[in-house]
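Note sheet for the following structure.
Derivation of every value follows stated rules applied to the coordinates shown; laboratory data play no part. Model, not experiment: these values are computed from the prediction. Methodologically, a virtual Cβ is constructed for each residue, glycine included, from the backbone with ideal geometry; neighbour enumeration extends over all protein chains shown.
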Amino acid sequence: MGKAKQKFAPQLADVPARVTQARAQLEAEGAVKLTALGPPATRGLIAAELGKSGFELTASWVRKPIAQQLQQALADGAFIALKGVAAHVAGATATEAKDAALALVASGAGYLVLRGREEVLVPSSAGVLSRKELAAFEALAKVVAKAARAKNGLSLLRSDLTEAFAQALPPGAPVSGSISSVSNARTEKEPRDAALSRLLAAVDATRDAHTGLSFVPSIVLRLRPSFTSDAAREALLTAAHSGLLELRPEGGINRLSAEELSLCPPGPQGTRLSWARRTESVAR
């Protein structure tokens, strides 16, 4: 055996271990640079093995499929502004991330909604208006706009507007992804709306007046003993999926104690969702 082959043999034998290590890193971080996979001589072999496992290969990265990364972020309660979608995935360009988000919407795996002036990707479980309901509200908006722009003091009767609103969205009308439950330790003894009210009251009570954010560990502790820690985390995720809350990951994990981390729901790419914010539609 030549010297070159003798030198290459140990590197080749190391490939399975490097594949296992890279796979674990991909699951935790979402993407790994090709240059970090191993020596140049075996890098292609390692990348090929990872490709067989369903990971995507680019010129510079091995990554979890972008769609899969986005679906995980949505499942963890994230509402993702379309213009900032690249920040929620690893190993992708802004264009790739945006295209993947729009593909999820086209497939029905998520919805694109307008929140203020921003287009936001939300889970398919979120409550959104149907096309028929949007058309009804569009007609109503035209009537309101006509009155608002009139220069002769024209207005609308509150009762007429209330009636028109009720016709556009009747009470109990089926809405895509409407909230179905909020888990807690007393679901058999107390109504679901009472459980939700208790959760949102805890969010409000712990909200920072300057940032508008509530620290999740403080919410969980405030809900005891009515909610177990597991039930509180599940309730937070359920409320987030329904569009009642936004859950945000911790900027620096090392700032939280082990106990605080244990109280936070898991977030995308190994983060913890440590901050909650009431959405504008329900915030007091």
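Here are some notes:
- 5 Å binning of all Cα-Cα separations within the range 66-123, expressed as whole percents from 0 upward: 4, 24, 35, 27, 9, 1
- Two-decimal log10 I(q)/I(0) for the range 109-158, as the Debye equation yields it once each C-alpha is a single scatterer, q = 0.16, 0.28, 0.29 Å⁻¹: -0.64, -1.05, -1.08
- Extending 7 Å from the Cα toward the beta-carbon at both L57 and K151 defines two label points whose distance is 6.9 nm.
- Two-decimal Rg to Rh for the range 1-149 - Kirkwood Rh, Cα set: 1.24
- Computed FRET value (nearest 0.05) for T95 with Q68, which takes r as the C-beta separation and R₀ as 30 Å: 0.95
- Relative contact order computed over the range 1-160 (Cα-Cα under 8 Å; 6+ residues apart), in percent: 15
- Counted residue by residue at 0.36 nm each, then reduced by the alpha carbon distance between them, the extension gain from R115 to K33 reaches 26.0 nm.
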